[in-house]
Amino acid sequence: MPDKDPQPPALEPKALPTTAVPVSTDGASQEQRIDPFDVKGAVVDGKVLAIDYEKLIRDFGTRRISPEILERFEKLTGHKPHIFLRRGMFFSHRDLERILDRYEQGKAFFLYTGRGPSSESMHLGHMIPFMFTKYDVPIIFERPGKLIKLWIRWLQDVFDVPLVIMLTDDEKFLFKPNLSIADVLGFSRNNCKDIIAVGFDVKKTFIFSDLEFMGGAFYENVVKVSRCITGNQSKATFGFTDIDNIGKMHFAAIQASTAFATTFPHIFGTDTKTVKEIPSLIPCAIDQDPYFRLTRDVASRLKYQKPALIHAQFFPALGGPGSKMSASIDSSAIFMNDTMNTIKKKINKYAFSGGQATSEEQRQFGGNPDVDVSFQYLTFFLEDDEDLESIRQSYLKGELLTGELKARCIKELQTFIAAFQERKKAVTDEIVKSYMTPKPLEWSQGKGPKKQAESAVAEVTQKIKDAVVG
């Protein structure tokens, strides 16, 4: 294995911020800080810089998702990589090759992601791991006199594996003194409806509240993990001090335990010897990596499979690289319960622009899409690579004005969120219960030998034939 991973494919468009944004700050220059509780770009000479993801890869000891991995993914699954992979939003990994090995060998694994419920509604940034885990992407085929649209679904359906989604209401209670138990339980239910509205298959999905599900095999693993983590390790990993409550230090054991298949006997069975060999694949933002570095160390001691991870970059706050997206600051983000008019107002008023001060200067000098929030958002929600690159080039050349770029962003976000809100209206308490009740799940990966790529291609081919006939 090479000492250094090859770089990912050149981003077309180069959508992610790479340049300094002139934002005044108090105090001297400082290094960037990335951990589960704080995300801050470096400050140099009073300017807040965009997050240096190459530095994070070096500091965290992860690996770039290489062109070779993407090529192998497509060859094995028969699916073109998701736009989040193609454009580098999910850019780093731990042991993704091992998961692809298991997929190729017909061996079992499962998906694990989560949400810390601290508000009534999730915002766009919260949606990224869920969109990647389960999101319908339109694939359009032209035939004489006919336009055919298929919907290719993502990780859950591409891999055909079970998914567990952890609602860390206990964590939010421990870390936010202003919240009560009733508050976080209520947020869990509301956020669960948001997650269900993404479109997860209830037969393959288990969503759970830590406060409600804790016990049995889950708590057994929590206790086992707890015995492997010292107070000094928790302090060194997360920066806790003696004045922090002990629950914060202990939570690492809870988040780690969900990465082990033995936590879910209702899904994987009670044969511990076999079940402990089933690893998890965790899509998450890279600030969560410290939790899972610790989890991987503990897994070796418990003789469990180490979880594999795919890391996402951070979804831009409306204010740009120098600002922070927060569930408690309405103007910092687009929320999933925002009205269409609110979305329009927020983008027009708060979205950081990479354009010039006047229309004349914009046409003369062009804009900078690398720091323009409206363009950044389009990279997440516009499927067509050629269309996106055309917008990028037009903005760079000054052919596209800031107002026009914002109008396109508004249109795409309104379409996405309006469809989401319609789906959420159909999510009843009874439907929530069906996802959150422990039950056996149904999936095929790892339940017998099969030719994965051939079956995936055959399925798409049949859908095309059916669409043409229809």
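Every number in this text was worked out from the coordinates using simple rules, so none of it is lab data. Note that the structure is a prediction, hence the values are computed from the model and not measured. Positions of Cβ are backbone-derived with ideal geometry, glycine not excepted, and every protein chain shown enters the neighbour counts.
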Checklist line | Pairwise label distance in nanometres, Ile431 with Ala419, each label 7 Å out on the Cα-Cβ vector | finding: 1.6 nm
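In terms of the Cα gyration tensor, with a ≥ b ≥ c the square roots of its eigenvalues, is segment 162-317 rounded because a/c is under 1.5, prolate because a/b exceeds b/c, or oblate? Working shown, then result.
On the way: a/c = 1.38, a/b = 1.03, b/c = 1.34.
It is rounded, given that a/c, with a ≥ b ≥ c, falls under 1.5.
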Notebook entry, point to check: What's the extension gain from Asn245 to Arg98 if we count 0.36 nm per residue and subtract their Cα-Cα distance?
Noted result: 49.2 nm
Note to self: Spelling out what I want: for every residue of segment 75-85, take phi, set θ = phi - 60°, compute 6.51 cos²θ - 1.76 cosθ + 1.60 (Karplus), and round to whole Hz; glycine and proline get x.
What the structure shows: 5, 6, 8, x, 10, 5, x, 3, 4, 5, 7
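Nearest 0.05, what FRET efficiency do Ser444 and Phe365 give at R0 = 51 Å with Cβ-Cβ as r? Display every interim value, and only then the final one.
Values: r = 55 Å, r/R0 = 1.08.
In this case the efficiency is close to 0.40.
For segment 339-448, what does the equivalent ellipsoid look like in terms of its semi-axes, each the square root of 5 times an eigenvalue of the Cα gyration tensor, given largest first in whole Å?
Details: eigenvalues 313, 68, 19 Å².
So the three semi-axes of segment 339-448 are 40, 19, 10 Å.
Taking a ≥ b ≥ c as the square roots of the eigenvalues of the Cα gyration tensor of segment 335-390, is the shape rounded (a/c under 1.5), prolate (a/b larger than b/c) or oblate? Don't skip to the answer; put the middle values down first.
Details: a/c = 2.64, a/b = 1.29, b/c = 2.05.
Verdict is oblate for segment 335-390.
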Checklist line | Reachable aspartates and glutamates from Lys276, criterion Cα separation under 14 angstrom, eight or more residues apart if same chain | finding: Glu220
Notebook entry, point to check: Which of rounded, prolate, oblate describes segment 203-253, given a ≥ b ≥ c as roots of the alpha-carbon gyration tensor eigenvalues and a/c under 1.5 marking rounded, otherwise prolate only if a/b is larger than b/c?
Noted result: prolate
Checklist line | 3J(HN,Hα) from dihedral phi, segment 383-397, Karplus parametrisation 6.51/-1.76/1.60, rounded to Hz, x for glycine, proline | finding: 6, 6, 4, 5, 4, 5, 5, 5, 5, 4, 5, 5, 6, 4, 7
Notebook entry, point to check: Considering only DSSP states other than H, G, I, E and B, which trypsin sites (Lys or Arg not before Pro) in segment 207-241 qualify as loop sites with at most 15 other Cβ atoms within 10 Å?
Noted result: Arg227
Check: Could you give the length gained on full extension between Asn341 and Glu386, defined as 0.36 nm per residue of separation minus the Cα-Cα distance, in nm?
Finding: 13.3 nm
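Ratio of alpha-carbon Rg to the 2.2 N^0.38 Å globular estimate for segment 55-127, to two decimals, please.
Values: Rg = 14.9 Å, N = 73, 2.2 N^0.38 = 11.2 Å.
For segment 55-127, the normalised Cα radius of gyration comes out at 1.32.
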Next item on the list: Please work out the Cα center distance from segment 45-121 to segment 247-266, rounded to the nearest Å.
Entry: 22 Å
Note to self: Place a point 7 Å from Cα of Glu31 in the direction of its Cβ. Which residues in segment 291-307 have their backbone N less than 20 Å from it?
What the structure shows: 291-294
Margin query: Whole-Hz ³J(HN,Hα) for each residue in segment 41-56, computed from phi via Karplus 6.51 cos²θ - 1.76 cosθ + 1.60 with θ = phi - 60°, x for glycine and proline: what do you get?
Written below: x, 5, 10, 10, 6, x, 10, 7, 8, 5, 4, 8, 6, 5, 5, 4
Check: Which loop-located trypsin sites (Lys or Arg not before Pro) does segment 252-357 contain, where loop means any DSSP state but H, G, I, E or B and the Cβ has at most 10 other Cβ atoms within 10 Å?
Finding: Lys303
